[in-house]
Amino acid sequence: MDLSVADARSPILGLAPQALPGEGYRKEQIAHWLYARGVREWSEMTDLPKGLRQELAEKYRVSEFAHVAPFVSQDGAVKYLYTLWDGQKTEAVYMPYAGRKTICISSMVGCPAGCTFCATGKMGFGRNLTAAEILDQILFAAHHQGHSPREIRNVVLMGMGEPLLNLNHVLEAIRRMLDPQGLAMSPRRITLSTVGIPRGIYRLAQEDLGVRLALSLHAPDDPTRQKIIPTAHRYSIAEIMEAVRHYYAQTKRRVTLEYTLLKGLNDHPWQARALAGLLAGLSAHVNLIPWNPWEGAPHQGTGKEKILAFAAALERMGIPVSVRWSRGRDVGAACGQLALQQPA
């Protein structure tokens, strides 16, 4: 597609199913084609009158992407590099597992959080994604994989961006995922990851959509965390954990803590003990994430033996813990690697 001529039509994915064009059951037909069948062209909606299809094609675009480049990992994960209609780019990662299909999607172009272990953070902030652009990451990946969009039952907002700093668009997209006429997903299958924006966590609790919350903590103490997340000085761990406890009290949803292990920085035994103390009385699960390398990174990852020792220390203190070995490292699709790079 020619990026010199952006698609000026309105995004059909910007409309809720109930607000789609057409009278009566036509709205349901269009919603079914978009969210159940996953078609990418108006001409494919064959039970709509030809005149209506032509009229819709003149007013609305189905796709939010001018170009998409997929990169397939040796482990089966697929990184999608999406070029948006204004020329900006973002990424998503599709991960097939036995019995389930998962996609990690982005909420922004780049990210303002600036986490030092993350290649996306080094890029800086481009812009927020619209609800339509967030949704279409799922729809395109499903289409490319030959699935109905509703076959992808697990969505994690852990790609580019800080979702709670784009919360209006993120909530709109999540509502479309949950809508029975949309992607008809279970809220338990949607996870939103944040570096910890208290006001956003409180609002997420108030909205009570039933989605899961994941907190990218990465250190149990403020001085270490501020070395890892430069923007962390805005909110103390105490403020963030107060909001997280409120979220749990309101929703009764167990909270996940994401913790990327960095050699010599946040992987000491005393930090495992401090992390366990921080979680006392909270229903939480810790995901330990081995660091994934990228060019120019200022860190090294903790070795496997020490990762397992850190996990064992948490388990001894009664903290549920898993080690999340990332997929797609060979194509720059693993956690912390998304940086709009095209693998060789």
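The values are calculated or read from the model by the stated rules, or taken from the named source; none is laboratory data. Everything numeric in this text was worked out from a predicted model, so none of it was measured. Reconstructed Cβ throughout: ideal geometry from the backbone, glycine too, with neighbour counts over all protein chains shown. Remember, those area values only see protein heavy atoms, side chains included, never the ligands or the DNA or RNA. Shrake-Rupley method; radii C 1.70, N 1.55, O 1.52, S 1.80 Å.
Taking every Cα-Cα distance in the chain and sorting them into 20 Å bins from zero, the calculated P(r) comes out as 31, 56, 13, 0 percent. Computed packing ranks the peptides 62-68, 309-315, 88-94 as 88-94, 62-68, 309-315, most packed first, by mean other Cβ atoms within 10 Å. Tilt of helix 237-251 relative to the longest C-alpha principal axis of the chain, in degrees (0 to 90, nearest 10)? Long axis of 237-251 versus the principal axis of the chain: about 50 degrees. With both residues required to sit in region 1-159, DSSP beta bridges show an antiparallel share near 80%.
Over the Cα atoms of region 51-122, compute the convex hull volume and normalise it per residue, giving Å³. Dividing the Cα hull volume of region 51-122 by its residue count gives 152 Å³.
Taking label points 7 Å from Cα along the Cα-to-Cβ direction, Gln29 and Ser283 give a separation of 4.5 nm.
Relative contact order of the chain, taken over Cα pairs closer than 8 Å and 6 or more residues apart, is 16 percent.
Net length available on complete extension from Arg127 to Glu305 is 60.1 nm, with 0.36 nm assigned per residue and the Cα-Cα distance removed. A 1.4 Å probe run over the protein chains yields, for the chain, 42 Å² of accessible area per residue, whole-number rounding. Taking each residue as 0.36 nm, the span from Gln206 to Lys59 lengthens on full extension beyond its C-alpha to C-alpha distance by 49.3 nm. Here the label points at Gln74 and His246, each 7 Å from Cα along the C-beta direction, are separated by 4.8 nm in the simple model. Placing +1 on the Cβ of every Lys and Arg and -1 on the Cβ of every Asp and Glu, with nothing else charged, gives the chain a dipole about its Cα centre of roughly 780 debye. Ranking Gly264, Ser73, Ile319 by Cα position along the charge dipole of the chain, where only Lys, Arg, Asp and Glu carry charges on their C-beta atoms, puts Ile319 farthest toward the positive end.
Normalising the Debye intensity of region 17-94 to I(0), with uniform scatterers on Cα atoms only, and taking log10 at q = 0.14, 0.16, 0.26 Å⁻¹ returns -0.60, -0.72, -1.16. Selection among Ala232, Ile152, Pro180 by position relative to the dipole of region 149-302 gives Pro180 as farthest towards the positive end (Cβ unit charges, Cα centre). Within straight-line reach of Lys27, meaning a Cα separation under 20 Å, sit the following lysines at least 8 residues removed in sequence or on another chain: Lys50, Lys59. Counting Cα-Cα pairs of region 10-144 in 10 Å increments starting at 0 gives whole-percent bin shares of 11, 37, 31, 16, 4, 0.
Over the residues of the chain, the helix contribution to mean residue ellipticity at 222 nm works out to -9000 deg cm²/dmol, using -39500 (n - 2.57) for each DSSP H run of at least 4.
Computing the accessible area with a 1.4 Å probe over protein heavy atoms, can you report the carbon and sulfur percentage for the chain? Carbon plus sulfur share of accessible area: 50 percent. Protection proxy ranking, highest mean first, for peptides 254-264, 273-283: 254-264, 273-283, where packing is the per-residue count of other beta-carbon atoms within 10 Å, averaged. Given their separation in residues at 0.36 nm each and the Cα-Cα distance between them, Ser186 and Lys227 gain 11.1 nm when the chain is fully extended. Would you please classify the overall shape of region 162-263 from the alpha carbon gyration tensor, given that a ≥ b ≥ c denote the square roots of the eigenvalues, rounded means a/c under 1.5, and beyond that prolate means a/b larger than b/c while oblate covers the rest? Taking the square roots of the gyration eigenvalues as a ≥ b ≥ c, region 162-263 is prolate.
Of all DSSP-defined beta bridges confined to the chain, some 45% are antiparallel rather than parallel.
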